[in-house]
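The structure under discussion appears below in the form of structure tokens.
The values are calculated or read from the model by the stated rules, or taken from the named source; none is laboratory data. The structure presented is a predicted model; accordingly, all values stated were derived computationally and were not measured. Every residue, glycine among them, receives a Cβ derived from its backbone with ideal geometry; neighbour counts consider all protein chains shown. The protein model used for the area step is the full one, side chains on, heavy atoms only, and it has no ligands, DNA or RNA in it. Shrake-Rupley method; radii C 1.70, N 1.55, O 1.52, S 1.80 Å.
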Amino acid sequence: MSKYYLTTPIYYVNAAPHIGHTYTTLVADTIKRLKAMQGIEAYLVTGTDEHGQKIERAAAKIGKSPQEYTDLISAEFEQTWKQLGLSIDKSQRTTSPQHAAAVAKLFAACDAAGYIYKGSYTGYYSVTSEAFVADAKEGDVDPDSGQPLELVTEENLFFKLSAFQDKIIELHETNPQFLQPDSRRNEVLAFLKNEKLQDLSISRTTVKWGIPVPEHPGHVFYVWFDALMTYWSAVEGTDLWPADLHLMSKEIVRFHAIYWPAFLMAAGWPLPKRIYSHGWLLFEDNKMSKSRGNIVRATPIQKVMGFDALRYFLLREIPFGSDGSFSFDALVARYNSDLANGLGNLLSRTLSMILQYREGKVPAPVEADASAIPVALAHYENFEFHKALETIWRWIGDLDKYIVENAPWKLAKDSSPEAQARLDAVLYRCFESLRLITALAAPVIPESAAKIALQLNIQGPLTWGHTPQGHAIGEISPIYPRLDAKVAIEQMKTLEDEELARQNTLLGKVEEAPVVNIPPIAETISIDDFVKVDLRVGIVLSAENVKGADKLLHLKIDIGEPTGPRTIVAGIAKAYSPESLINRKVVIVANLAPRKLKGIESQGMIVAASLEGGSPALAAFLEEVPIGARLK
RNA sequence: GCCGGCGUAGCUCAGAGGUAGAGCGAGGGUCUCAUAAUCCCUAGGUCGGAGGUUCGAGUCCUCCCGCCGGCACCA
């Protein structure tokens with residue numbers, strides 16, 4: 001029996017599991033079941049990434065040790081997967097000692113091959129991203145999260161990522177299947193070809209919560225060197241490595257498609273065979289985020305309509321690989337039309353006719369068209385779940401039509417041998433089709449497929465005609481009760497609130513006002529230091545976009561100097577249109593050394609408050625202030 | 001600015017040179033085996049815009065507009 005090893009990403013434990021985590025994991029579960037259908041023994045690994053400063057701080061904030069904190073959240077993940085019935089073979093935690101030993105092995109192998117060296121690094125560090133932010137300066141914020149940066153200098157161990165540029169390019173060029181879909185592959189290739197890879201800092205001395213680097217006291221492994229190894233450590237000692245498939249969402253593709261193969265190449269270990277990225281799951285076309293409060297969890301949905309409904313929805317509605325949008329309305333609509341009125345009703349009418357007209361015994365086999373089977377399987381093979389399901393459901397539609405066209409209820413009243421023979425044929429076709437449809441859909445809707453199989457009282461292979469004459473059907477009962485959309489959505493939302501409250505209690509969170517995260521106050525300076533900074537009131541005379549830059553505005557600002565207005569280039573184009581700035585009074589740093597931006601010399605800098613996401617809000621006055629006034 | 005992707009019926013999308021399609025929703029009708037389910041009919045959408053190639057263009061070419069990614073850019 002051949003084997004297939006696939007992974008979900010290692011989820012970061014800064015939040016309890018939500019529908020985004022569930023999406024990836026459910027796809028992995030579906031693929032595993034598909035493999036099983038083909039007689040391939042698939043092994044599914046998921047896990048949690050539990051190290052890092054962010055965890056350290058989050059734990060401290062609620063008065064727990066990092067270990068207690070991660071125990072709590074990783075248990076939430078495992079509990080959720082179990083509750084949802086996902087077929088996970090192993091949940092690997094980065095805090096496991098065995099994993100730590102595996103990371104040490106990778107390190108030793110890379111070191112022995114000469115790809116590790118010691119260096120020092122000074123830079124602005126984002127705690128939220130756990131990364132140094134390139135070219136950052138004082139006062140900058142994380143470009144993604146808007147959180148403040150901290151200036152950090154430390155001695156680090158470096159991995160010679162730069163040595164692998166050509167090899168990684170070659171990997172992607174010679175093996176287009178390595179990274180899919182193509183859009184992601186193109187992005188990574190474009191990046192690799194235009195950007196010189198920098199060596200990667202793989203250790204930290206400022207963080208305690210991590211795996212200690214052997215023979216380098218005080219050093220702890222830094223996120224990717226630690227986290228990616230989970231895929232390997234989870235199956236250490238088995239013959240499962242290399243992985244056949246790493247599944248993930250698109251924002252972490254680069255780490256998997258560049259760092260991970262480079263680490264393995266350095267160590268001389270086999271590379272995974274395939275990386276496949278899906279898109280983002282949006283909530284009614286918005287990004288899900290804590291601050292929007294629109295994060296959805298899977299378990300409330302499970303309670304109202306069954307987890308299969310969510311599985312079916314996500315796989316049928318979203319072309320795998322693309323971004324997709326979740327909404328309760330669409331979910332319930334799919335459930336009612338495809339599951340209740342479609343599959344559920346077809347099962348119900350078919351079995352009920354067999355019961356009424358043939359005393360619950362399936363008539364003799366007849367031939368029929370089952371060409372949907374290979375088509376659906378081919379789509380599955382390409383991870384085109386939505387097409388596979390579309391194919392299967394078209395079969396269901398054809399059967400409903402077939403039933404009406406043949407009107408078995410009329411045939412039943414006609415005692416002629418011809419009519420009775422036709423009735424037998426109709427019933428057999430419906431029954432056997434249903435058996436095959438259920439088998440085909442089972443990887444996506446495993447729980448209800450099992451229930452249906454019970455009612456059919458038979459399973460068997462994916463070949464037509466397996467059900468023998470006289471086969472007795474099981475007991476009939478509705479699989480997917482029709483739902484009132486309004487009521488169901490209300491229930492799900494209520495359960496969602498309860499679940500959120502439960503998680504908050506679990507994590508010791510109190511209802512708090514929106515988290516105010518102010519940047520740390522900078523080092524104390526003297527008044528002399530301060531007066532060195534010359535802040536002036538100026539007025540914007542003209543403003544235009546800078547060609548070739550999204551964020552830059554080219555401004556002429558008058559601060560009353562005899563030499564005339566100054567040219568200032570400011571990164572505020574995303575927040576302000578040029579027209580809106582004309583005649584507006586602003587504050588500028590007037591004695592900042594000039595600097596060229598996109599070929600234009602900027603003679604100063606505009607003062608603005610830095611908001612979440614890094615977007616600026618210009619300083620202004622409530623009173624009338626004259627041009628040229630100094631701020632002090 | 002560069003590189004990708006996308007823009008087709010109310011919604012989700014398919015179609016890739018030869019008389020505009022599916023599913024869902026909505027409206028009307030029908031059967032009665034079935035979960036007020038099924039089935040049938042109905043949508044008349046300048047196929048983002050403008051040019052061009054062609055006997056003929058959602059379908060090829062050029063330009064433009066809008067949206068989404070990636071890169072650059074934020075002193």
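Details
- Among the trypsin sites (Lys or Arg not before Pro) within the range A:536-610, those in coil by DSSP and having at most 11 neighbouring Cβ atoms inside 10 Å are A:547.
- Cα shape, the range A:389-432, gyration tensor, a/c 1.5 rule: prolate
- Short to long, the 5 Å bins of the Cα pair-distance histogram for the range A:445-498 hold 4, 15, 15, 17, 15, 10, 7, 8, 6, 2, 0 percent of all pairs.
- Cα centroid separation - the range A:291-329 against the range A:364-429, whole Å: 30
- Screening chain A for whole DSSP H helices with an alpha carbon extent of at least 20 angstrom along the helix axis and a mean Kyte-Doolittle hydropathy of at least -0.5 yields A:19-37, A:97-112, A:385-406, A:417-441.
- Once the chain from residue A:534 to residue A:68 is taken as fully extended at 0.36 nm per residue, the excess over their C-alpha distance is 162.8 nm.
- Applying 1/(1 + (r/R0)^6) with R0 = 60 Å to the Cβ-Cβ distance of residue A:196 and residue A:413 gives a FRET efficiency near 0.15.
- Cα shape, the range A:207-281, gyration tensor, a/c 1.5 rule: oblate
- Remark: relative contact order (the range A:548-632) = 27 percent; criterion is Cα-Cα distance under 8 angstrom and separation of 6 or more residues.
- Enclosed volume per residue, in Å³, of the convex hull spanned by Cα atoms of the range A:316-419: 117
- Per the Debye calculation on the range A:530-571 with a single equal scatterer at every Cα and no solvent contribution, log₁₀ I(q)/I(0) for q = 0.25 Å⁻¹ amounts to -0.86.
- Beta bridge orientation in chain A: antiparallel %, DSSP, nearest 5: 65
- log10 of Debye I(q)/I(0), alpha-carbon scatterers only, for the range A:173-331 at 0.08, 0.11 Å⁻¹: -0.34, -0.63
- Of all lysines in the structure, those lying under 17 Å Cα to Cα from residue A:493, and not within fewer than 8 positions of it along the same chain, are A:290, A:303.
- Plainly put, chain A has a radius of gyration that is 1.07 times its Kirkwood radius, both from alpha-carbon atoms, as the Rg/Rh ratio.
- Reference-scaled alpha-carbon Rg (2.2 N^0.38 Å with N residues) for the range A:385-512: 1.54
- Probe 1.4 Å, protein heavy atoms only - accessible area per residue of chain A in square angstrom: 46
- Apolar share of the accessible surface for chain A: 53 percent from carbon plus sulfur atoms, 1.4 Å probe.
- Once the Cα-Cα distance is subtracted from the 0.36 nm per residue extended length, the residue A:367 to residue A:574 segment shows a gain of 68.0 nm.
- For q = 0.10 Å⁻¹, Debye-computed log10 I/I(0) when each Cα of the range A:525-615 counts as one equal scatterer: -0.26
- Rg/Rh for the range A:164-239 (Cα atoms only, Rh after Kirkwood) is 1.08.
- A P(r) calculated from all alpha carbon pairs of the range A:157-202, with 10 Å bins opening at zero, reads 27, 48, 23, 1 percent.
- Sequence-distant contacts, meaning Cα pairs under 8 Å at least 6 residues apart, place the relative contact order of chain A at 12 percent.
- The range A:215-315, relative contact order in percent, only Cα pairs under 8 angstrom and at least six apart counted: 21
- Computed from the C-beta positions of residue A:549 and residue A:404, the FRET efficiency with R₀ = 56 Å rounds to 0.35.
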